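Accompanying notes for the structure given below.
The values are calculated or read from the model by the stated rules, or taken from the named source; none is laboratory data. Keep in mind that this is a model prediction, so the values were computed, not measured. Neighbour counts run over all protein chains shown; Cβ positions are idealised from the backbone, glycine included. Please note that ligands, DNA and RNA were not included when accessible areas were found on the heavy atoms of the full protein model with its side chains. Shrake-Rupley method; radii C 1.70, N 1.55, O 1.52, S 1.80 Å.
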Amino acid sequence: LIAIEVDGPFHFISLLTDKSKKILNGSTLLKQRLLAAAGWKVISIPYFEWNALSDQLEKKEYLEGLLNEAGLNTSTAEHS
């Protein structure tokens with residue numbers, strides 16, 4: 001089982017000493033731990049990483065990379 005979650009700005013907190021560093025907040029971490037304990041592989045897509053991708057090809061490659069890391073082989077999937 002795989003859960004894919006796009007984590008928007010409200011899923012993160014910033015450090016007081018470094019506002020540019022974003023870390024997942026407690027409720028998001030708890031949700032991910034609960035899903036993992038139930039047997040799910042959780043794939044998190046931070047909004048700032050997604051927004052930094054410039055085009056559809058980069059987004060596709062980014063998603064394929066995450067799925068490959070989760071153990072899904074996307075190289076055999078049909079590509080358009």
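Name the single residue that is least open to solvent (accessible area, probe 1.4 Å) among those in the range 3-21 being small (Gly, Ala, Ser) and out of contact with any Leu (no Cβ under 7 Å at 6 or more places or on another chain). Here the residue is 8.
Residue-by-condition table, conditions (1) part of a helix (DSSP H, G or I); (2) touching a residue at least 12 places away in the same chain (Cβ under 8 Å); (3) within 14 Å of residue 4 (Cα to Cα):
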site: 28; (1), (2), (3): yes, yes, yes
site: 32; (1), (2), (3): yes, yes, yes
site: 35; (1), (2), (3): yes, yes, yes
site: 42; (1), (2), (3): no, yes, yes
site: 49; (1), (2), (3): yes, yes, no
site: 54; (1), (2), (3): no, no, no
site: 58; (1), (2), (3): yes, no, no
site: 62; (1), (2), (3): yes, yes, yes
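None of 35, 66, 24, 53 is open to solvent by less than 70 Å² (accessible area, probe 1.4 Å), farther than 15 Å from residue 12 by Cα, among the aliphatic types (A, V, I, L, M) and touching a helix residue (DSSP H, G or I) at 6+ places or on another chain (Cβ under 8 Å) except 53. When you look at residue 59, is it closer than 23 Å to residue 72 by Cβ, open to solvent by less than 90 Å² (accessible area, probe 1.4 Å) and out of contact with any Leu (no Cβ under 6 Å at 6 or more places or on another chain), yes or no? No; evaluated as a whole, the condition is false for this residue.
If you filter the range 38-50 down to residues that are within 13 Å of the chain's Cα centre (by Cα) and exposed (fewer than 14 other Cβ atoms within 10 Å of the Cβ), you find that the one that is farthest from residue 11 (Cα to Cα) is 49.
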